[in-house]
Amino acid sequence: MLQEFEFLGVLGAITLTIPVVTLIIAWLLRPKKPNPAKQETYESGIKTIGDTWVQFKAQYYIYAIIFVVFDIEAVFLFPFAVALRQLPLYSLIWAIVFIVLLFDGLLYGWRKGALHWN
Amino acid sequence: MPIEIPTLNIAALTPFLAVTVTAFVVMFFELFVNDKRILGYLSLLGLAVAAISSVMLLGVSPAPAFQEMAISDGYALVLNLIFIVTAALSILISLSYLGDRALQRGEYYALLLFSTGGMMLMGAATDLIVVFMGLEIMSIALYVLAAFNRRKMGSGEAGMKYFILGAFASAFFLYGVALVYGATGSTNLSAIGNWFTSGGGDLTDPIALVGLSLLLVGFAFKIAAVPFQWWTPDVYQGAPTSVTAFMSVGAKAAGFAALVRLLMVSFGQAFTLDWQIAVAALAVVTMTGGNIAALAQKDIKRMLAFSSIAHAGYILVGVVPGTIDGVQAVLFYLMGYAFMNIGAFAVVAVLEHRVAISSAIEEYAGLAARKPLLAAAMLLFMVSLTGLPPFVGFWGKLYVFRAAVEANMSWLAVVGVINSAISAFYYLGVVVQMYMRPAAATEDGEEVVPISLSGPVTITLAVAVIITVILGIWPTPLVNLTSLAVFG
Amino acid sequence: MMPIPLSWWLTVSAALFSIGVYGALSRKNAIGILMGIELVLNAVNINLVAFWRYIAPTDISGQVFAIIVITVAAAEAAVGLAIIIALYRRRQTAVVDDLDLLKN
């Protein structure tokens, strides 16, 4: 049964090799002229202020919740899209009904101000 | 290669669609309508359409819908009527209750309708996938409803507790579904039944047995059976009273709806003995545990919560025999319970109105002198819940226990009768408070807060009283209705 | 070529189920409990897809069920998080042991 994993092993090896090779090529080709500004962790932009682990605004979670719900609903559209060509035309109506229901939810969230950032 | 779309037979699910479409409409109009009471009445209209279509479908021969995923047989349609009655009475309570607390929101009615839709789906489901979907539609809406009163701390706590334990129970239920699917190779209820009877299924298959027990755990949680009842008192106490009224009947009825169909159709013939013992044990501990815990309660909502646990036990007695008579007795009981229990919660909701009267039982002292009619209504509901004639609660218990006796399980009926006697103590305790104790003396300067009854909740009370009495004197109409409840 | 036996999948699933149940029971933070429940739901999904492949490959209900479980789990998590946020704003806590207002 381990033969079945051979494929995965080869795939893993290839995916590891490609970025490593790219990095090595870049390392070989690039000019090396270090200066203090380049050695900074954040080379561009301003230095960070305060603790990294700040508490997120509660509104951020509301965005996240809305995103998760709509994101997951797409899973129902994938099987439909795959079978689209074999399906009769009126089955499209059901997909449209589904999207309209999702849109009702989005409209509701929008009107209730869930998408408004203060 | 074109894929053929099977006939969906959407007509069979008209009641469900009427309710869910109304819910979407309510949610949409919530954005534009200022007087939210209109949305409550709109919801009642949707429920009326659902009720009419259910009655009309009763005259048509049952037809499977969505490739045998659901069916509109007599069983599902009678259950629809129970859910519609529950939802309508609760909406009427809500119209008054929410108005007094400045909680009148369109979402409330939309969620209540979604929840009702989920219950209907559970009643009509002939496939475990649809049972699960109905269960989740019902539960997720109920989690939010329980936490609906954002100004009251207890409400959020109730919602959170209900959510965590409910999601946990759903997960167990789902694992059970997966195991049953693995053992039998199908999620269709009749196909599972065929696998056991004629498909060469092994009656001692461990995967199927573990699956069935996990399913029972999931249902026991939803119907609040001991030992899966811990959440009930907290959630019932913390949730808005109108929501408590709705879920104490609706969620219980829906849980029984799917449980009974599963046991009868899938695990019906070949398997009866195995689950009978488990369900009988569940019935005994649920009745006894609920009643004994109720004796010690000082808060009326908690007392009614434990009493609802005890009632789940009585109803389970009707499930144990596994006969169609038992099933119809269960439906009779649930319908009667809907009227008397929601009636009792309506009284609680009215008295919870003002700050002065909380939901502590001792606050009911002297009510008979202040509001004789309200006290009389409460007296009637308490007597009916105890199971004394001539009220509907008596007939419910009689039919359920008779089903047990006819299946040679008289001992179960005896346990039930003893428990009814125990329950009289705490139900009549409320009556004693109302009629025999004087109201607590008011201190100087403290005003006696008037109790006011607004229109909608009065309708609920009137309907509940009238039906409880009429069906108590003349139960034949409901018996005739439940006799239509057969599996298609 | 020998295929992976069904029991392997069931073992992984049972392990995930147990980890999820343990997580849900041992955590005091509501978010942690929610994560435990999600693990249980994923254990169910592994079971469903494995059973579909080995027991009933002609009938796609196992796959369809898994998709429905995924979406329901997301809906449940969304509602649960919303309740937790609402409660946190009011009580400044997400620890379930602090929820002790409701008692007799």
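Any read-out appearing in this document is the output of simple, stated calculations on the displayed coordinates, not a laboratory observation. Predicted model, so just to flag it, every value in this text is computed and none were measured. Here the Cβ positions follow ideal geometry from the backbone for every residue, glycine too, while neighbour counts run over all protein chains shown.
Along the three principal axes, how long is the protein assembly as shown when you take its alpha carbons, biggest first, rounded to the nearest angstrom?
In descending order, the Cα extents are 97, 71, 48 Å.
How many nm is it between the label spots at residue B:428 and residue B:295, if each spot is 7 Å from the Cα in line with the beta carbon?
According to this spin-label approximation, the distance is 1.4 nm.
Considering the dipole of chain A built from charges on the beta carbon (Lys and Arg +1, Asp and Glu -1) around the Cα centre, which of A:118, A:66, A:36 is farthest to its positive end?
Final value for the positive-end residue is A:36.
Using a/c under 1.5 as the rounded threshold, could you call chain C rounded, prolate or oblate? The axes a ≥ b ≥ c are square roots of the C-alpha gyration tensor eigenvalues, and prolate needs a/b larger than b/c, oblate otherwise.
prolate
Considering the options B:408, B:173, B:432, tell which one lies farthest towards the positive end of the dipole of the protein assembly as shown, charges being +1 on Lys and Arg and -1 on Asp and Glu at the Cβ, about the Cα centre.
So the residue furthest toward the plus end is B:432.
Would you mind putting B:172-184, B:97-109, B:334-346 in packing order, based on average other-beta-carbon counts within 10 Å, highest first?
B:334-346, B:172-184, B:97-109
Choose one answer from A:49, A:14, A:99: the residue with the largest mean-square fluctuation in a GNM of chain A with alpha-carbon springs under 10 Å.
For chain A, modelled as a Gaussian network with Cα springs under 10 Å, the answer is A:14.
In degrees between 0 and 90, to the nearest 10, how far off the longest principal axis of chain B does helix B:455-473 point, with axes built from Cα atoms?
On a 0 to 90 degree scale, this one is about 60.
Given labels modelled 7 Å from the Cα in the Cβ direction, how far is it in nm from residue A:115 to residue A:15?
3.4
Between residue B:198 and residue A:70, take the C-beta separation as r, use R0 = 35 Å, and let me know the FRET efficiency to the nearest 0.05.
0.15
Can you compute the modelled spin-label distance between residue B:52 and residue B:454, with each label point 7 Å from Cα toward Cβ, in nm?
Inter-label distance under the simple model: 2.8 nm.
For the pair residue B:61 and residue C:29, what calculated FRET efficiency results from E = 1/(1 + (r/R0)^6), where r is the Cβ-Cβ distance and R0 = 60 Å, to the nearest 0.05?
After rounding to 0.05, the efficiency reads 0.65.
Roughly speaking, what is the centre-to-centre gap between the stretch B:356-409 and the stretch A:79-113 when only Cα atoms are used, to the nearest Å?
One Cα centre to the other: 49 Å.
Compute the helix-to-body angle for B:153-184: its Cα long axis versus the longest principal axis of chain B, expressed 0 to 90° and rounded to tens.
Relative to chain B, helix B:153-184 is tipped by roughly 10 degrees.
For every other residue with a beta carbon closer than 13 angstrom to the beta carbon of residue B:365, add +1 if it is Lys or Arg and -1 if Asp or Glu, then tell me the sum.
Counting the neighbours of residue B:365, the net charge comes to +2.
For chain B, what does -39500 (n - 2.57) per DSSP helix run (n ≥ 4), summed and divided by total residues, give at 222 nm, in deg cm²/dmol to the nearest 500?
Calculated from helices alone, the mean residue ellipticity at 222 nm is -24500 deg cm²/dmol.
With only Lys, Arg, Asp and Glu charged, each at its Cβ (+1 for the first two, -1 for the last two), find how big the charge dipole of the stretch C:39-104 is about the Cα centre; round to the nearest 20 debye.
160
Using a 10 Å cut-off around each Cβ of peptide C:83-92, what is the average number of partner chain Cβ atoms that fall inside?
Average neighbour count from other chains, rounded to a whole number: 6.
Is the stretch B:52-166 best put as rounded, prolate or oblate by its Cα gyration tensor, with a ≥ b ≥ c the root eigenvalues, rounded for a/c under 1.5, and otherwise prolate when a/b is larger than b/c, oblate when not?
Here the stretch B:52-166 falls in the oblate category.
Treating the angle as unsigned and between 0 and 90°, give the value, to the nearest 10°, between the Cα long axis of helix B:14-30 and the longest Cα principal axis of chain B.
Its long axis makes an angle of about 50 degrees.
Under a 5 Å amide H to amide H cut-off, with H placed in plane at 1.01 Å, what residues pair with residue B:299 once short-range neighbours are removed?
Here B:361 satisfy the definition.
For a footprinting-style exposure proxy, rank A:7, A:76 by other Cβ within 10 Å, fewest first.
A:7, A:76
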